[in-house]
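*Asks:* Sending over a structure as structure tokens; questions will come in a sec.
The values are calculated or read from the model by the stated rules, or taken from the named source; none is laboratory data. Remember, it's a predicted structure, so these values are computed and weren't measured experimentally. Using ideal geometry, Cβ is built from the backbone for each residue, glycine included, and neighbour counts are taken over all protein chains shown. Each accessible area value is taken on the protein alone, full model and side chains, heavy atoms only, with ligands, DNA and RNA left out. Shrake-Rupley method; radii C 1.70, N 1.55, O 1.52, S 1.80 Å.
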Amino acid sequence: MSIRAGFLGTGSCLPEKEFTNFDMEKIVDTTDEWIQTRTGIKSRRIADDQTATSDLAYGAALKAMEAANISAEDLDMIIVATITPDMHFPSTACIVQDKLGADNASAFDVSAACSGFVYASTIAKQFVESGQAKYVLVIGAETLSKILDFTDRNTCVLFGDGAGAAIIGQVPTGGIIATDLGAKGSGGKFLTVPAGGSRMPASQETIDNRLHYISMDGSEVFKFAVRIMASSSKTVVEKAGWSVDELDYLVPHQANIRIINSAGKKLKLPPEKVHVNLDKFGNTSAGSVPIALDEAVRSGKIKSGDKVVLVAFGGGLTWGALAVEF
Ligand code: ACO
């Protein structure tokens with residue numbers, strides 16, 4: 001009999017410090033009203049100076065492992081999706097492996113921006129279903145506040161810090177039925193951190209020109225997102241052999257309420273079937289989908305047997321969706 005992979009447990013970890021739109025008004029030329037009407041965001045969490053991405057990833061991992069009732073030694077693989085690794089290398093996954101004492105696990109990072117958790121879960125599915133791994137820890141974790149230019153109102157109001165995690169392993173029924181991944185590298189220029197890599201190594205000039213921060217063409221990303229969130233969801237539903245009417249819940253990437261509402265409308269899903277938490281946390285990139293998933297599972301919105309789509313878009317440009325029966 002063939003093995004089917006699914007979610008065995010989820011967890012999340014958010015920094016304690018809330019940074020509201022009113023706090024934002026004090027440091028940059030913006031208003032709570034503008035941010036709420038254009039994005040739906042009211043607040044976000046910001047990590048303190050001592051907290052790096054691996055610290056949030058570790059916190060989320062512990063909760064996911066507890067929910068799945070497995071220990072660190074049980075893990076065969078750790079995948080961390082992030083665009084804010086602790087450092088270029090070692091990978092954040094290796095740092096998390098060490099913190100957990102998960103000595104039997106291989107460990108690597110995935111760079112697919114906000115689609116990272118969906119990409120990493122798709123990789124985990126392949127390892128579990130081919131019998132090469134029993135338990136894979138998948139984490140989406142970010143400290144985006146560390147790469148935000150808090151003088152640029154076009155970007156700094158949108159993002160927040162946080163991590164979500166899941167254990168992926170064999171399930172008796174349901175599980176991750178279908179996946180859809182894609183990329184459009186030609187659109188990569190719309191969302192970048194220009195300097196600090198091999199193309200433009202760090203120098204006094206790159207620092208003076210603020211090139212180590214997120215730079216974004218918001219309207220180009222917006223157009224892409226509106227199109228791809230609906231089309232990737234439809235693709236994965238079709239691949240699963242479901243109809244959209246059968247869907248119990250949609251867990252979308254939390255970038256902008258207008259993008260989420262447009263996807264919901266195109267899919268003809270009532271708002272109560274779409275998970276939204278960006279008002280509290282903003283866009284946490286790779287953390288966004290797993291944090292929302294953990295919230296929906298723990299609050300009982302997602303129940304056993306439910307048909308759920310997780311869908312994301314992000315820098316790269318990338319996109320991905322999972323059709324999951326819980
Ligand atoms: N406060 C006040 N005014 C602002 C702010 C702000 N924070 N930001 C921009 N404005 C101004 C602009 O300067 C512009 O003024 P102008 O007309 O005088 O030039 C005006 O508001 C309108 O700007 P628009 O870009 O038209 O605003 P829009 O309604 O399109 O919203 C937004 C901008 C929110 C960025 C939207 O385009 C968006 O959400 N894009 C998608 C971004 C996204 O999802 N990025 C994350 C990708 S995920 C990842 O991988 C990291």
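*Asks:* Can you pull out the residues in the stretch 77-107 that are open to solvent by 30 Å² or more (accessible area, probe 1.4 Å) and under 16 Å from the mean Cα position of the chain (by Cα)?
*Replies:* ILE83, PRO85, listed by residue number.
*Asks:* Now a separate question. When you scan the stretch 142-154, do you find a residue that is out of contact with any Leu (no Cβ under 9 Å at 6 or more places or on another chain) and assigned by TED's automatic domain parsing to the domain that holds LYS273, even just one?
*Replies:* No, the conditions are met nowhere in the stretch 142-154.
*Asks:* Of all residues in the stretch 203-228 being among the acidic types (Asp, Glu) and over 21 Å from ASN283 (Cα atoms), which is surrounded by the most Cβ atoms within 10 Å (Cβ to Cβ)? Let's see the steps before the verdict.
*Replies:* Initially, the stretch 203-228 is screened for residues among the acidic types (Asp, Glu), giving 205, 208, 217, 220.
The next check asks that each one be over 21 Å from ASN283 (Cα atoms); those that pass are 205, 208.
Values: GLU205: 10, ASP208: 8.
So the residue we want is GLU205.
*Asks:* Take the residues in the stretch 284-312 that are within 27 Å of SER145 (Cβ to Cβ) and open to solvent by 10 Å² or more (accessible area, probe 1.4 Å), then tell me which one is nearest to the ligand (Cβ to nearest atom). Working first, answer last.
*Replies:* Here is the first cut: in the stretch 284-312, the residues within 27 Å of SER145 (Cβ to Cβ) are 284-299, 310-312.
Those still in the list that are open to solvent by 10 Å² or more (accessible area, probe 1.4 Å) too: 295, 297-299.
Working: GLU295: 19, VAL297: 23, ARG298: 24, SER299: 24 Å.
Once the filter is applied, the top-ranked residue is GLU295.
*Asks:* Continuing with the same structure: Of the numbered conditions (1) open to solvent by 40 Å² or more (accessible area, probe 1.4 Å); (2) closer than 30 Å to VAL128 by Cα, THR179 fails exactly one; give the number of that condition.
*Replies:* (1)
*Asks:* Condition (residue is under 19 Å from ALA292 (Cα atoms) and within 11 Å of the ligand (Cβ to nearest atom)) applied to the stretch 41-50: is it met by at least one residue?
*Replies:* As a first pass, look at the stretch 41-50 and keep what is under 19 Å from ALA292 (Cα atoms): 41-47.
Imposing the further condition that a residue be within 11 Å of the ligand (Cβ to nearest atom) reduces the set to 41.
Yes, that holds for at least one residue.
*Asks:* Looking only at the stretch 248-282, count every residue that is within 17 Å of THR143 (Cβ to Cβ), open to solvent by 10 Å² or more (accessible area, probe 1.4 Å) and either part of a loop (DSSP other than H, G, I, E, B) or near the ligand (Cβ under 10 Å from one of its atoms) (or both) and tell me the total.
*Replies:* Qualifying residue count for the region: 0.
*Asks:* Looking only at the stretch 149-176, which residues are surrounded by fewer than 19 Cβ atoms within 10 Å (Cβ to Cβ), of a type in the set (D, E, K, R) and over 18 Å from SER219 (Cβ atoms)?
*Replies:* ASP149
*Asks:* Quick check, is GLY188 loosely packed, with under 15 Cβ neighbours inside 10 Å, modelled with pLDDT of 95 or more and within 16 Å of the ligand (Cβ to nearest atom)? Give the derivation first.
*Replies:* Details: loosely packed, with under 15 Cβ neighbours inside 10 Å: yes; modelled with pLDDT of 95 or more: yes; within 16 Å of the ligand (Cβ to nearest atom): yes.
Yes; evaluated as a whole, the condition is true for this residue.
*Asks:* Would you tally the residues in the stretch 115-125 being open to solvent by 10 Å² or more (accessible area, probe 1.4 Å) and within 15 Å of the ligand (Cβ to nearest atom)?
*Replies:* 1
*Asks:* Further question on the same structure: Report yes if GLU272 is closer than 27 Å to GLY185 by Cβ and either modelled with pLDDT under 95 or out of contact with any strand residue (DSSP E or B) (no Cβ under 8 Å at 6 or more places or on another chain) (or both), otherwise no. Let's see the steps before the verdict.
*Replies:* Details: closer than 27 Å to GLY185 by Cβ: no; either modelled with pLDDT under 95 or out of contact with any strand residue (DSSP E or B) (no Cβ under 8 Å at 6 or more places or on another chain) (or both): yes.
Considered against the rule, which asks whether it is closer than 27 Å to GLY185 by Cβ and either modelled with pLDDT under 95 or out of contact with any strand residue (DSSP E or B) (no Cβ under 8 Å at 6 or more places or on another chain) (or both), GLU272 comes out as no.
*Asks:* Looking at SER232, SER243 in this structure, which one is in contact (Cβ under 8 Å) with a residue 40 or more places away in the chain and either under 19 Å from ALA113 (Cα atoms) or not assigned by TED's automatic domain parsing to the domain that holds SER43 (or both)? It would help to see each step written out before you state the result.
*Replies:* Working: SER243 fails: in contact (Cβ under 8 Å) with a residue 40 or more places away in the chain.
Within the list SER232, SER243, the selection yields SER232.
*Asks:* Here is a check on your reading of the model: is GLY315 buried (at least 22 other Cβ atoms within 10 Å of the Cβ) and among the small types (Gly, Ala, Ser)? Step through it out loud before you land on a result.
*Replies:* Details: buried (at least 22 other Cβ atoms within 10 Å of the Cβ): yes; among the small types (Gly, Ala, Ser): yes.
So GLY315 passes the test.
*Asks:* Out of the residues in the stretch 193-221 that are over 17 Å from ASP152 (Cβ atoms) and part of a helix (DSSP H, G or I), state the one that is farthest from the ligand (Cβ to nearest atom).
*Replies:* Per the stated criteria, the residue is GLN204.
*Asks:* Give the residue, chosen from ARG153, ARG227, that is free of Cβ contacts under 8 Å to residues at least 40 places away in the same chain and within 16 Å of the ligand (Cβ to nearest atom). Explain how you work it out, then say what you get.
*Replies:* Working: ARG153 fails: free of Cβ contacts under 8 Å to residues at least 40 places away in the same chain.
Selected residue: ARG227, the only one of ARG153, ARG227 that is free of Cβ contacts under 8 Å to residues at least 40 places away in the same chain and within 16 Å of the ligand (Cβ to nearest atom).
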